[in-house]
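Data first, discussion second: the structure below is written as structure tokens.
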Ligand code: GUN
């Protein structure tokens, strides 16, 4: 049996249609959803991610604005710019693109964005819902976890009672994702660079989610022999000038199903962000 490819495209097409419709509804009420990305410095990977966000934002009819600041910006100046955006009623969604420069590392970046405009879903006010056990994916929750859970659901893959190994404990992916999966009744192991015997853990998993950032990190030896495992690849790496994930071709071939790179988790993350923008705008209009 060939493994199934869990492509994002059919679900993204469906969601774009729905979001375009919700965006139209807001425009008919005199409000154009508007997203603002704050980029400190000029990290080339960040610029690529931002372009993807801009493209989908404009495709559904929303406004997009990039505010670029020098890497050397003083914390005080950064905070004052951000404050303006937090208070500006014509801006509905704000992202501080990570990583930020060294000059800002001491700031508590996730909590600086107005929680109503926090379309990344990183602010403690929004992440609290994860801790208290929500399964409501319509809230402003982190985009990569939301995208992964929506994609699994779209392909009819239940999380109930499943053993899931998540590799990587970042603020953006691993931490929120592990807890959200648990809210959907998965049994979750959150593994990381210090985990011992990682292969033994992944061999026992029903679903393996890799957010490591190393091409070919997951070889076929991470998998069990029975070809019944599902692989979710969050990696975005460059290898021989090509975009690759963390999961090798050999591991994909041995799986039951896998998300491709490109065309899997990446587009799900972006569409979840745009969904958060529309939700945030609707909430603010109601507000
Ligand atoms: N850098 C890489 N991914 C992300 C993301 O989802 N949000 C932000 N703000 N920065 C990122």
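The values are calculated or read from the model by the stated rules, or taken from the named source; none is laboratory data. Everything quoted here is computed from the prediction, not taken from an experiment. Cβ atoms come from the backbone with ideal geometry, glycine included; neighbour counts cover every protein chain shown.
Screening 148, 157 for residues that are assigned to a helix (DSSP H, G or I) and under 23 Å from residue 245 (Cβ atoms) leaves exactly one candidate, 148.
Output the residues belonging to the range 245-263 that are assigned to a helix (DSSP H, G or I) and crowded, with 19+ Cβ neighbours inside 10 Å.
The first filter runs over the range 245-263 and keeps only residues assigned to a helix (DSSP H, G or I), leaving 249-254.
If the condition is that a residue be assigned to a helix (DSSP H, G or I) and crowded, with 19+ Cβ neighbours inside 10 Å, then 251, 252, 254 are the ones that fit.
Pairing each residue of the range 261-277 that is without any contact (Cβ under 8 Å) to a residue 24 or more places away in the chain and within 21 Å of residue 248 (Cα to Cα) with any residue that is outside any helix (DSSP H, G or I) and within 11 Å of the ligand (Cβ to nearest atom), provided the two are 6+ apart or on different chains, yields C-beta distances under 9 Å for 262/236.
Residue 77 falls short on exactly one of the conditions (1) without any contact (Cβ under 8 Å) to a residue 24 or more places away in the chain; (2) not in a helix (DSSP H, G or I), and that condition is (2). Using the structure shown, decide if residue 84 is assigned to a helix (DSSP H, G or I) and either within 22 Å of the chain's Cα centre (by Cα) or touching a residue at least 60 places away in the same chain (Cβ under 8 Å) (or both). No, not satisfied.
Would you confirm whether or not the range 273-285 contains a residue that is under 22 Å from residue 158 (Cα atoms), out of contact with any helix residue (DSSP H, G or I) (no Cβ under 6 Å at 6 or more places or on another chain) and part of a helix (DSSP H, G or I)? The answer is no, given that none of the residues of the range 273-285 is under 22 Å from residue 158 (Cα atoms), out of contact with any helix residue (DSSP H, G or I) (no Cβ under 6 Å at 6 or more places or on another chain) and part of a helix (DSSP H, G or I). Within this structure, residue 99 passes the test of being assigned to a loop (DSSP other than H, G, I, E, B) and within 18 Å of the chain's Cα centre (by Cα).
Which residues, taken from the range 172-192, are within 16 Å of the ligand (Cβ to nearest atom) and either part of a helix (DSSP H, G or I) or more than 17 Å from residue 272 (Cα to Cα) (or both)? Working first, answer last.
First, pick out the residues of the range 172-192 that are within 16 Å of the ligand (Cβ to nearest atom): 172-177, 180.
Scanning the range 172-192 gives 174, 175, 176, 177, 180.
Scanning for something modelled with pLDDT of 95 or more, away from the ligand (no atom under 16 Å from the Cβ) and closer than 22 Å to residue 36 by Cα, does the range 154-166 turn up at least one residue? Within the range 154-166, not a single residue is modelled with pLDDT of 95 or more, away from the ligand (no atom under 16 Å from the Cβ) and closer than 22 Å to residue 36 by Cα. The residue that is farthest from the ligand (Cβ to nearest atom), counting only those in the range 193-226 that are under 18 Å from the mean Cα position of the chain (by Cα) and either part of a helix (DSSP H, G or I) or surrounded by fewer than 16 Cβ atoms within 10 Å (Cβ to Cβ) (or both), is 214.
Residue count for the range 5-54 satisfying the condition of being within 19 Å of the chain's Cα centre (by Cα), within 23 Å of residue 102 (Cβ to Cβ) and not in a strand (DSSP E or B): 8.
Select from the range 68-80 the residues that are surrounded by fewer than 16 Cβ atoms within 10 Å (Cβ to Cβ) and within 16 Å of the ligand (Cβ to nearest atom) and list them in ascending order.
Taking the range 68-80 as the starting set, the residues that turn out to be surrounded by fewer than 16 Cβ atoms within 10 Å (Cβ to Cβ) are 68, 70-72, 74-77, 79-80.
Residues satisfying the conditions are 68, 71.
Here is the figure for the range 99-134: residues that are in contact (Cβ under 8 Å) with a residue 12 or more places away in the chain, more than 14 Å from the ligand (Cβ to nearest atom) and within 19 Å of residue 178 (Cβ to Cβ) total 6.
Suppose we keep only residues that are more than 15 Å from the ligand (Cβ to nearest atom) and in contact with a strand residue (DSSP E or B) (Cβ under 6 Å, 6 or more places away or on another chain) within the range 27-57. Which one would you say is farthest from residue 243 (Cα to Cα)?
Let us first name the residues in the range 27-57 that are more than 15 Å from the ligand (Cβ to nearest atom), namely 27-34, 55.
Restricting the remaining residues to those that are in contact with a strand residue (DSSP E or B) (Cβ under 6 Å, 6 or more places away or on another chain) gives 32, 34.
Working: 32: 34, 34: 30 Å.
Checking each candidate, the answer is 32.
Out of curiosity, is residue 145 modelled with pLDDT of 95 or more, crowded, with 16+ Cβ neighbours inside 10 Å, under 15 Å from residue 176 (Cα atoms) and within 16 Å of the ligand (Cβ to nearest atom)?
Details: modelled with pLDDT of 95 or more: yes; crowded, with 16+ Cβ neighbours inside 10 Å: yes; under 15 Å from residue 176 (Cα atoms): yes; within 16 Å of the ligand (Cβ to nearest atom): yes.
Answer is yes for this residue.
Residue count for the range 55-74, restricted to those that are in contact with a helix residue (DSSP H, G or I) (Cβ under 6 Å, 6 or more places away or on another chain) and assigned to a strand (DSSP E or B): 1.
Report yes if residue 150 is within 16 Å of the ligand (Cβ to nearest atom), without any contact (Cβ under 8 Å) to a residue 24 or more places away in the chain and crowded, with 17+ Cβ neighbours inside 10 Å, otherwise no.
Working: within 16 Å of the ligand (Cβ to nearest atom): yes; without any contact (Cβ under 8 Å) to a residue 24 or more places away in the chain: no; crowded, with 17+ Cβ neighbours inside 10 Å: yes.
No; evaluated as a whole, the condition is false for this residue.
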